[in-house]
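Input: a single structure, listed below in structure tokens.
The values are calculated or read from the model by the stated rules, or taken from the named source; none is laboratory data. Just so we're clear, the structure is a prediction, and the values are computed from it rather than from any experiment. Quick reminder, even Gly has a Cβ in these numbers, built from the backbone with ideal geometry, and neighbours come from all protein chains shown.
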Amino acid sequence: MTQLFDNLKRYVAIISWLFTLLETAVGIVFGALLGAYLADGSYRRSLLAVGLAYLALLIAKLATQRLFPSAVVEELRSRGLLAEARKQLDRRTVVSGFITDSITALNAQTCAINSEAENTLCSQAVSTGLKQVIEPLISRPQYVFDCNESRFTVACLVNYLSPTSRDWTDDFIVFRDDFGVSETLVPSLLRDSEARGSLLDLQKAMQRCFNDNVFVCDSFTPKGELLSIVASPIPLVCESTQANGILLFVSRPVHQCPHDVEITFRIFGRIIANWLAKYSECVGARLSEPPDLSPGTTAIPSQTSPNAFSSPP
């Protein structure tokens, strides 16, 4: 809408300049003819014709300014900007609500007041617990991207202490897959030397996000359909310079992300990192209990994630 008003304003400015040039030219001709007429009475008809033309030009100019006054165009433009600002404020209010809900869910799971509640945290699957924490982001990502799209793939590449393998585990958790790309989302993709085609494009975006700890908005073409991939790093807990996972979105082409998308995903990445740290701490505490240890059990791994994604298997 703002672009429309800008175009209209430029159109009014061009019309105004054209009328000014024509008015000047006709005025010069009229002045010359008037001088000749006053000198010897010649060019009477020409003077009359130019005078009528000048009068018609002034009427047309006044009519145009009445129809397209620049002040009205500027007012419409200001109203459009105000409406857009209100829309963005409403959107940011919704997104802030998402963050609040996620932090509330994080606290509900990790701020246990008794041992029973604490044990509940690591009695569930990682996918279940994380889904509860970032549910608003999974179900309504269009608010974050400020778009009208309804199809998204939402996934996380994470590292945590597994109660099953009793070791740190790399896992690609797919919460939603409207584009059917989940079969390609495996932990080994990050360092797969045989990736080709669209899979290679996906891998490059993920590697750049993970290795450089940066927000990435790129594209790839799985199954012949051009899609956007948006990747944001999940940090090591209590760290900000090193990634320990990836928050991943696949959508229809995103031509321009709102400027606050990166910081929003960084916040959710931090929430995920804290949940994973508490989950791994819970698992580690459970595995270290004497009744759970049998003869020959290997030592419990450190509860500080080894950041396994960055090193080859």
Note to self: Given (1) free of Cβ contacts under 8 Å to residues at least 12 places away in the same chain; (2) under 30 Å from Ser288 (Cβ atoms), identify the lone condition not met by Asn148.
What the structure shows: (2)
Check: Between residues in the range 269-281 that are of a type in the set (S, T, N, Q) and residues that are assigned to a helix (DSSP H, G or I), which pairs lie under 7 Å by C-beta distance while being six or more apart or on different chains?
Finding: Asn274/Leu106
Notebook entry, point to check: Tell me, which strands (runs of 3 or more DSSP E) wholly within the range 151-247 include 2 or more residues that are aromatic (Phe, Trp, Tyr) and either within 24 Å of the chain's Cα centre (by Cα) or surrounded by 19 or more Cβ atoms within 10 Å (Cβ to Cβ) (or both)?
Noted result: 168-177
Next item on the list: Starting from the range 36-60, keep only residues that are without any contact (Cβ under 8 Å) to a residue 40 or more places away in the chain, then list their pairs with residues that are in a helix (DSSP H, G or I) and among the acidic types (Asp, Glu) whose Cβ atoms are within a distance under 7 Å, requiring at least 6 positions of separation or different chains.
Entry: Leu57/Glu23
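Is there a residue in the range 203-218 that is of a type in the set (Gly, Ala, Ser), more than 22 Å from Glu262 (Cα to Cα) and free of Cβ contacts under 8 Å to residues at least 40 places away in the same chain?
So in the range 203-218, the residues of a type in the set (Gly, Ala, Ser) come out as 205.
Right, trim to more than 22 Å from Glu262 (Cα to Cα) and you get none.
Scanning the range 203-218, I find no residue that is of a type in the set (Gly, Ala, Ser), more than 22 Å from Glu262 (Cα to Cα) and free of Cβ contacts under 8 Å to residues at least 40 places away in the same chain, so the answer is no.
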Check: Could you say whether any residue in the range 180-189 is in contact with a Pro (Cβ under 8 Å, 6 or more places away or on another chain), hydrophobic (A, V, I, L, M, F, W, C) and closer than 24 Å to Gln124 by Cα?
Finding: no
Check: Is it true that some residue in the range 287-301 is modelled with pLDDT of 80 or more, touching a Ser or Thr at 6+ places or on another chain (Cβ under 9 Å) and assigned by TED's automatic domain parsing to the domain that holds Glu183?
Finding: yes
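Looking at this structure, is Gln256 under 26 Å from the mean Cα position of the chain (by Cα), under 24 Å from Leu137 (Cα atoms) and modelled with pLDDT under 80? It would help to see each step written out before you state the result.
Working: under 26 Å from the mean Cα position of the chain (by Cα): yes; under 24 Å from Leu137 (Cα atoms): yes; modelled with pLDDT under 80: yes.
Yes.
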